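Notes follow once the structure below has been shown.
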Amino acid sequence: MSVHKNETPFDGKLFRRVMGRFTTVVTVITTETEGAVRGMTANAFMSGSLAPPLCIISIAKKARMHDTLLTTGHFGVSILAHGQEPISQHFAGQGSADPDLLFEHMDGIPVLANVSAAIAAKVAAKHDCGDHTIFIGHIVGLRDDERSPLVYHGGKYASLHHKKELPSDPAIDFWELEHE
């Protein structure tokens, strides 16, 4: 990105603050190599496609997980549940104590047990995205543990609270919405 004489330099701190206004779930991305499970906390995760079933993660090129994913070609996404901040901190390299970790395998891909939900995927494509790589995963396994997710907003962990009133159309399917 070039800066023209009349433009102000890009403010990285403002960028992070603005992007932090987008509430996300907290996930742990896992893979297995040489008999050991490797993992990292991430919030750059989203659904990609219903047919075929795809999900998307974005991993910094400087992260150890980046080269590991290039080698293994598969990943798990464990959506952490409310109260699992110690697990998030552990995989972010910030935890002081090792939380009790229990892994399960879906189609040979490790995911955490006792989370909100889990996904197993095989890398279908990867795309350069500046200092990150976007990995598109073909979903080969899904599990819903029906626990409230741990969310992240404004640089802080948060809780999700559903409204008590029912939506006007409880059958809204965001996969099918289209506006013309």
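Annotation note: of Thr68, Thr41, Thr8, Thr33, the sole residue that is within 21 Å of Ser116 (Cβ to Cβ) and of a type in the set (Val, Ile, Thr) is Thr41.
I want to confirm something. Restricting to segment 46-69 and keeping residues that are free of Cβ contacts under 8 Å to residues at least 60 places away in the same chain and out of contact with any strand residue (DSSP E or B) (no Cβ under 7 Å at 6 or more places or on another chain), which single residue is farthest from Thr27 (Cα to Cα)? Going through the qualifying residues, I end up with Ala51.
How many of the residues in segment 20-51 are modelled with pLDDT under 90 and within 15 Å of the chain's Cα centre (by Cα)? Total meeting the criteria: 7. Among residues that are at pLDDT 95 or above and of a type outside the set (Ser, Thr, Tyr), Lys156 is not included. Taking the criterion of being free of Cβ contacts under 8 Å to residues at least 12 places away in the same chain and among the aliphatic types (A, V, I, L, M), the only residue of segment 120-148 that qualifies is Ala125. Among the residues making up segment 70-117, those that are touching a residue at least 40 places away in the same chain (Cβ under 8 Å), β-branched (Val, Ile, Thr) and more than 16 Å from Tyr157 (Cβ to Cβ) are Thr72, Val77, Ile109, Val111. Of all residues in segment 133-152, those being assigned to a strand (DSSP E or B) and either surrounded by fewer than 16 Cβ atoms within 10 Å (Cβ to Cβ) or at pLDDT 95 or above (or both) number 12. The residues of segment 121-132 that are of a type in the set (D, E, K, R), outside any loop (DSSP other than H, G, I, E, B) and exposed (fewer than 13 other Cβ atoms within 10 Å of the Cβ) amount to a single one, Asp128.
The values are calculated or read from the model by the stated rules, or taken from the named source; none is laboratory data. Predicted model, so just to flag it, every value in this text is computed and none were measured. Positions of Cβ are backbone-derived with ideal geometry, glycine not excepted, and every protein chain shown enters the neighbour counts.
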